[in-house]
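Asks: The structure under discussion is supplied below as structure tokens; questions concerning it will follow.
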Amino acid sequence: MNTSESSSRTALVWIWISVLVILLDQYSKYWVTHQLQLHESYDLMPFLRLFLDHNQGAAFSMLAQYPRLALYFFSSFSALVVMGLLFWLFTLQSSSRWVSVSIALILGGAVGNLIDRIQFGYVIDFIDVYVNQWHWPIFNIADSAVCVGAFMLVIDVIWLSKDRVKS
């Protein structure tokens with residue numbers, strides 16, 4: 001088996017993480033939309049509640065006041081990111097597990113939100129974390145996967161890649 005075949009097989013293993021993220025994201029959105037009405041909430045803990053919202057923008061509702069522009073821009077941008085992440089994932093060495101998991105998480109989150117944009121024209125958000133009157137922007141499983149994956153890449157750049165250079 002040559003190197004490109006090995007990289008492709010390894011990438012297919014990591015894609016299962018992306019598939020799992022997509023399934024969890026889409027199922028959670030389906031479940032919440034069948035439990036709550038738009039802008040209805042359900043308290044889970046003193047700092048956490050379910051709150052169904054439709055985000056027509058992007059992170060922190062960017063471009064939400066221009067829903068049509070946001071739909072086309074963020075759908076196109078997401079599709080390009082997905083293609084770039086797939087290319088990156090298929091070119092990584094099998095030993096690059098940390099980076100592969102990072103990319104797989106970001107990929108799954110990007111696809112999860114892209115599905116919403118294409119299907120509904122907005123992203124379904126429902127996780128509301130708050131302290132007293134201060135609320136973090138409402139998010140979903142896909143957003144969480146993107147953030148965790150991006151944080152893992154930052155850790156790789158700051159700490160782990162230095163270890164690879166030394167060895």
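Values in this text are rule-based calculations from the coordinates and carry no lab data. Small disclaimer: the values here were computed from a predicted structure and weren't measured. Reconstructed Cβ throughout: ideal geometry from the backbone, glycine too, with neighbour counts over all protein chains shown.
Asks: Roughly how many debye, to the nearest 20, is the charge dipole of the range 72-167 about its Cα centre, given +1 on each Lys and Arg Cβ, -1 on each Asp and Glu Cβ, and no other charges?
Replies: Here the range 72-167 has a charge dipole of around 440 debye.
Asks: Then there's this: Given q = 0.13, 0.15, 0.18, 0.19 Å⁻¹, what are the Debye log10 I(q)/I(0) values for the range 8-65, with equal point scatterers placed on the Cα positions and solvent ignored?
Replies: The Cα Debye sum returns log10 ratios of -0.54, -0.67, -0.83, -0.87.
Asks: Follow-up. Taking the dipole about the Cα centre of the range 3-166, with the C-beta of Lys and Arg at +1 and of Asp and Glu at -1, give me whichever of 84, 35, 150 is farthest to the positive side.
Replies: Most positive-ward Cα: 84.
Asks: Taking a quarter of the surface of the Cα convex hull of the chain, what do you get in nm²?
Replies: The orientation-averaged projected area of the Cα hull of the chain comes to 11.6 nm².
Asks: Apply the Karplus parameterisation 6.51 cos²θ - 1.76 cosθ + 1.60, with θ equal to phi minus 60°, to every residue of the range 84-95 and state each ³J(HN,Hα) to the nearest whole Hz, in sequence, with x for glycine and proline.
Replies: With the stated coefficients, the range 84-95 comes to x, 5, 4, 4, 4, 4, 6, 9, 6, 6, 5, 7 Hz.
Asks: At a threshold of 8 angstrom on Cα-Cα distance, excluding pairs fewer than six apart, so keeping six or more, what relative contact order does the chain reach in percent?
Replies: In percent, rounded to a whole number, it is 29.
Asks: So what are the ³J(HN,Hα) numbers for the range 26-36, from phi and the Karplus equation (6.51, -1.76, 1.60; θ = phi - 60°), rounded to whole Hz, Gly and Pro as x?
Replies: 5, 5, 4, 5, 4, 4, 5, 5, 9, 9, 10
Asks: Mind running the shape call on the range 72-152? Use the C-alpha gyration tensor, a ≥ b ≥ c as the square roots of the eigenvalues: rounded below 1.5 for a/c, prolate if a/b tops b/c, oblate otherwise.
Replies: oblate
Asks: Further, regarding this structure: Pop out the ³J(HN,Hα) list for the range 137-154 in order, Karplus 6.51 cos²θ - 1.76 cosθ + 1.60 with θ = phi - 60°, rounded to Hz; leave Gly and Pro as x.
Replies: Ordered by residue, 3J(HN,Hα) equals x, 5, 9, 9, 5, 4, 4, 4, 5, 4, 5, 5, x, 5, 4, 4, 5, 4 Hz.
Asks: Dimensions of the range 54-112 along principal axes (Cα, Å, largest first)?
Replies: 44, 17, 14
Asks: Something else about it: For the range 3-166, what is the charge dipole size about the Cα centre, in debye to the nearest 20, if Lys and Arg each add +1 at the Cβ and Asp and Glu each add -1 at the Cβ?
Replies: Value, rounded to 20: 520 debye.
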